[in-house]
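Encoded as structure tokens, the structure appears first; notes follow it.
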Amino acid sequence: MNRRKPKLAVWKFASCDGCQLSLLDCEEEFLAVVGKVDIANFPEASRAVAKGPYDLSLVEGSIATPRDAERIHEARRASRFLVAIGACATAGGIQSLRNFKDVREFVSIVYATPAYIETLDKSTPIQDHVRVDFELRGCPISKVQLVETVNAFLNGRKPNVPPHGVCVECKRAGNVCVMAARGEPCMGPVTHSGCGAICPAYHRGCYACFGPKETPNTESLARQFAHMGLNDPDILRAFRGFNAYANEFRKESEAHEKR
């Protein structure tokens with residue numbers, strides 16, 4: 001008797017599609033996944049859509065419009081497990097920079113007919129709206145971590161995605177610390193691993209693409225930045241990147257905005 005393949009769905013909200021492309025970029029690994037699951041809903045890969053319920057849903061993008069806020073509940077109801085993938089889905093994304101200002105002002109400046117624009121005041125992560133079973137960080141996500149996460153949920157175990165910071169990756173790769181040796185501001189000490197420390201490997205400071213690591217000491221890093229000569233606006237910008245609305249980064253940036 002043939003067992004039914006688990007149904008996989010991929011949902012898109014406000015995003016650039018980069019994390020969905022990371023799944024397609026898995027190439028040989030993706031072919032192995034295809035053999036194990038029924039890809040029932042993945043518009044980036046196929047126009048064919050099968051109705052739910054789905055065993056596993058991967059959700060890319062932030063909630064930015066009233067329709068998004070409705071659709072994410074539809075996705076949650078249709079999914080046994082729901083995994084938020086990427087900076088947009090886990091922290092509101094680069095578009096969450098609008099959360100610190102009046103979005104209506106932006107709309108009036110950018111669009112010739114603002115009346116046609118329907119948007120929420122804030123761009124927020126998926127977990128602010130529905131229960132999320134796991135979050136996979138990154139801008140874009142790591143395809144290695146993605147395959148591991150899908151594999152884990154299909155086999156009923158916890159994903160093996162380490163919570164440590166980029167500094168650990170630098171040490172393992174034998175990279176010289178760009179902050180200590182070159183005086184380059186680097187977000188590595190507070191940033192989740194997953195990128196392979198690619199920026200420090202090329203003598204550039206980390207930009208925090210993977211968001212805050214577990215228990216990041218952002219206050220200590222901000223003090224180090226100040227000691228290196230960065231002023232408050234510089235420090236604010238360091239924490240307001242791809243994961244600006246992640247709780248730890250948001251609080252640290254706001255501390256330097258109010259001074």
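Derivation of every value follows stated rules applied to the coordinates shown; laboratory data play no part. Because the structure is a prediction, the values reported are computed rather than measured. No Cβ is skipped: glycine too gets one built from the backbone with ideal geometry, and neighbour counts run over all protein chains shown.
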Problem - Whole-Hz ³J(HN,Hα) from phi, Karplus 6.51 cos²θ - 1.76 cosθ + 1.60, for segment 200-205, glycine and proline x - result: x, 4, 10, 6, 10, x
Practice task
State which entries of K171/K251; K5/K158; K143/K171; K5/K171 exceed 31 angstrom in Cα-Cα distance in the structure shown.
Solution key: K5/K171
Fill in the blank from the handout: GluC sites (Glu not before Pro) in segment 159-259 lying in a DSSP loop, each with at most 14 other Cβ atoms within 10 Å of its Cβ, come to E214
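At most 13 other Cβ atoms within 10 Å and a DSSP loop assignment: could you name the chymotrypsin sites (Phe, Trp or Tyr not before Pro) in segment 105-202 that fit? Working shown, then result.
Details: sites: F106, Y111, Y116, F134, F153, Y202; in loops: Y111, Y202.
Here the sparse-neighbourhood loop sites are Y111, Y202.
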Fill in the blank from the handout: Once normalised by the length of the chain, the mean sequence separation of its alpha carbon contacts under 8 Å that are 6 or more apart gives a contact order in percent of 17
Problem - Per-q log10 I(q)/I(0), segment 7-154, q = 0.09, 0.14, 0.18, 0.20 Å⁻¹ (Debye; single scatterer per alpha-carbon; no solvent) - result: -0.29, -0.65, -1.00, -1.19
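Only loop residues by DSSP count here, and only those with at most 12 other Cβ atoms within 10 Å; note down the trypsin sites (Lys or Arg not before Pro) in segment 60-160 that meet that. Don't skip to the answer; put the middle values down first.
Numbers: sites: R67, R71, R76, R77, R80, R98, K101, R104, K122, R131, R137, K143, R157; in loops: K101, K122, R131, R137, R157.
Answer in residue order: K101, R131, R157.
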Problem - In sequence order, calculated HN-Hα J values of segment 78-86 (Karplus, 6.51, -1.76, 1.60; Hz; x Gly/Pro) - result: 8, 10, 5, 10, 10, 10, 7, 10, x
Exercise for the section: Provide the net charge surrounding R67, with neighbours chosen by a C-beta distance below 11 Å and charges set as Lys +1, Arg +1, Asp -1, Glu -1. Expected result: -3
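Jot down the per residue volume, in cubic angstrom and as a whole number, of the convex hull over the alpha-carbon atoms of segment 166-257.
Value for segment 166-257: 79 Å³ per residue.
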Practice task
Name the long-range amide H neighbours of K7: under 5 Å, sequence gap of 5 or more, or other chain; modelled H, no Pro or chain starts.
Solution key: D38, D55, L56
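Please report, in whole Å³, the volume per residue of the convex hull around the C-alpha atoms of the chain. Mind showing how you got there, number by number?
On the way: hull volume 37.9 nm³, N = 259.
Once divided by residue count, the hull of the chain is 146 Å³.
What does the charge count near V130 come to, summing +1 for each Lys or Arg and -1 for each Asp or Glu among other residues with Cβ under 12 Å from its Cβ? Don't jump to the answer; show the numbers that get you there.
Details: positive: R71, R76, R77, R131; negative: D68, E70, E74, D128, D133.
Result for the local shell: -1.
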Problem - Beta bridge orientation in the chain: antiparallel %, DSSP, nearest 5 - result: 25
Handout entry: Average Cα contact separation per residue, segment 4-76, under 8 Å, 6 or more apart, as relative contact order %
Key = 48
Exercise for the section: Enumerate the aspartates and glutamates that K51 could reach by cross-link, defined here as Cα to Cα under 14 Å, with residues fewer than 8 away along the same chain left out. Expected result: D38, E74
Fill in the blank from the handout: The long-range amide H neighbours of C206, using H built 1.01 Å from N in the peptide plane and a cut-off of under 5 Å, are M187, G188
